[in-house]
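Undergrad: Take a look at this one; I'll ask things after.
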């Protein structure tokens, strides 16, 4: 790609405040509009997501890159037949602990069409010292609209499957095969205890997944989160329902029972840290319902795309139940999945 040309256009856009029409007619943006499942050129954690919108003659977008949250992109621009996404933030450089100067490093993404309902591109991440750029390629596949909210009937459910037998870890395995394992079965409880050694480098423990995969289902479980700890329950290995000590906090998509960075619970239903809590989760097609401690906090809402840490960006294939184990101590019990067989 002609990066120098794009950077020149970028500078013009950032400092002139020109609208999308300054670069091309509105119809040229049409092929990029919508949601995209991204596959990133990494050995692991290679799932991403992009949504591009056009309102009042301007382009806006939201991006998920590997882990973390879905975040708005600072500038979304059309340069000829290339879509540019630009992110940046102020960084204060210090010398001997004192502020020396404020910089505004940027990351930029160059996106082009690659066939019907396909895109490809490169992401550019400048090094911290300002010398050199890490370049990562990616591809994308258009995600079709969610459609109307589906309705479930009791007759559509199959026989319940007990995912944890209470005595050992049969049916489960680490996602990262060589990672330290903090998971074990203790008196009917699945416990993750990622012990860290004081004064030593942080140990990144493994996440846990079922060997079996599932498509549509209801999942019931009980979870106990110590004070300050957190975990997550990934559905199909791609959608994280948050598990954390968020008692007493204002509503947020990162709180207990929320779909991480995507769907905020309608009310705070979590219990204080250290108490057993009940989660009742239904995933049907791309619609999610979450009941926490008997209260419906997400009611058959559409899921736009994967969440950070997803095993894949593919939302249309069966996947495992995956429990986050690299963040803190957590315990699970009575994990039962009932498939939706229609």
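Undergrad: Would you mind telling me which numbered condition in (1) surrounded by fewer than 19 Cβ atoms within 10 Å (Cβ to Cβ); (2) touching a strand residue (DSSP E or B) at 6+ places or on another chain (Cβ under 7 Å); (3) on the phi < 0 side of the Ramachandran plot residue 117 fails?
TA: So residue 117 meets the others, but not (3).
Undergrad: Can I ask one more? Could you please let me know if residue 274 is assigned to a loop (DSSP other than H, G, I, E, B), surrounded by 19 or more Cβ atoms within 10 Å (Cβ to Cβ) and either under 15 Å from the mean Cα position of the chain (by Cα) or not assigned by TED's automatic domain parsing to the domain that holds residue 71 (or both)?
TA: Answer is no for this residue.
Undergrad: Determine whether residue 69 is within 25 Å of residue 261 (Cβ to Cβ) and in a loop (DSSP other than H, G, I, E, B).
TA: Spelling it out, residue 69 is indeed within 25 Å of residue 261 (Cβ to Cβ) and in a loop (DSSP other than H, G, I, E, B).
Undergrad: How do the strands (runs of 3 or more DSSP E) wholly within the range 171-217 filter down when requiring 1 or more residues that are over 21 Å from the mean Cα position of the chain (by Cα): which remain? Show your work before the answer.
TA: Values: elements: 172-174, 183-186, 189-192, 208-210.
Hits in the range 171-217: 172-174, 183-186, 189-192.
Let's see how each residue does on (1) crowded, with 16+ Cβ neighbours inside 10 Å; (2) under 27 Å from residue 315 (Cβ atoms); (3) not assigned by TED's automatic domain parsing to the domain that holds residue 279:
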residue	(1), (2), (3)
186	no, no, no
233	yes, yes, no
251	no, yes, no
259	yes, yes, no
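Undergrad: Answer with yes or no whether residue 282 is in a strand (DSSP E or B) and without any contact (Cβ under 8 Å) to a residue 24 or more places away in the chain.
TA: When the stated conditions are applied, residue 282 does not pass them.
Undergrad: Another question, if that's okay. Considering only the range 71-108, how many residues are within 16 Å of residue 138 (Cβ to Cβ) and surrounded by fewer than 12 Cβ atoms within 10 Å (Cβ to Cβ)?
TA: Counting residues in the range 71-108 that are within 16 Å of residue 138 (Cβ to Cβ) and surrounded by fewer than 12 Cβ atoms within 10 Å (Cβ to Cβ) gives 0.
Undergrad: Which one of these is in contact with a strand residue (DSSP E or B) (Cβ under 7 Å, 6 or more places away or on another chain), within 23 Å of residue 67 (Cα to Cα) and not in a strand (DSSP E or B): 232, 237, 228?
TA: When all the criteria are applied, what remains is 237.
Undergrad: Mind listing whichever residues of the range 134-167 are in contact (Cβ under 8 Å) with a residue 40 or more places away in the chain, at negative phi and part of a loop (DSSP other than H, G, I, E, B)?
TA: Correct list: 146, 149, 150, 152, 158, 159, 160, 163, 164.
Undergrad: If you go through the range 320-338 one residue at a time, do you hit one that is in contact with a strand residue (DSSP E or B) (Cβ under 9 Å, 6 or more places away or on another chain) and without any contact (Cβ under 8 Å) to a residue 40 or more places away in the chain?
TA: No, there is no match, as no residue in the range 320-338 is in contact with a strand residue (DSSP E or B) (Cβ under 9 Å, 6 or more places away or on another chain) and without any contact (Cβ under 8 Å) to a residue 40 or more places away in the chain.
Undergrad: Hey, any hits in the range 199-208 for a residue that's in contact with a helix residue (DSSP H, G or I) (Cβ under 9 Å, 6 or more places away or on another chain) and either modelled with pLDDT of 95 or more or within 19 Å of residue 327 (Cβ to Cβ) (or both)?
TA: No, every residue in the range 199-208 fails to be in contact with a helix residue (DSSP H, G or I) (Cβ under 9 Å, 6 or more places away or on another chain) and either modelled with pLDDT of 95 or more or within 19 Å of residue 327 (Cβ to Cβ) (or both).
Undergrad: For residue 156, only one of the following conditions fails: (1) at pLDDT 95 or above; (2) under 30 Å from residue 35 (Cα atoms); (3) surrounded by 14 or more Cβ atoms within 10 Å (Cβ to Cβ); (4) under 21 Å from the mean Cα position of the chain (by Cα). What is its number?
TA: (4)
Undergrad: Considering only the range 308-331, I want to know if a residue exists there that is at pLDDT 95 or above, surrounded by fewer than 20 Cβ atoms within 10 Å (Cβ to Cβ), more than 15 Å from the chain's Cα centre (by Cα) and assigned to a strand (DSSP E or B).
TA: Within the range 308-331 (the criterion being at pLDDT 95 or above, surrounded by fewer than 20 Cβ atoms within 10 Å (Cβ to Cβ), more than 15 Å from the chain's Cα centre (by Cα) and assigned to a strand (DSSP E or B)), the answer is yes, since at least one residue qualifies.
Undergrad: Looking at 68, 130, which is the one that is on the phi > 0 side of the Ramachandran plot, outside the structural domain of residue 254 (by TED's automatic domain parsing) and surrounded by fewer than 12 Cβ atoms within 10 Å (Cβ to Cβ)?
TA: When all the criteria are applied, what remains is 130.
The values are calculated or read from the model by the stated rules, or taken from the named source; none is laboratory data. Computed from a predicted structure; not experimentally measured. FYI the Cβ positions are ideal-geometry reconstructions off the backbone, even for glycines, and counts take in every protein chain you see.
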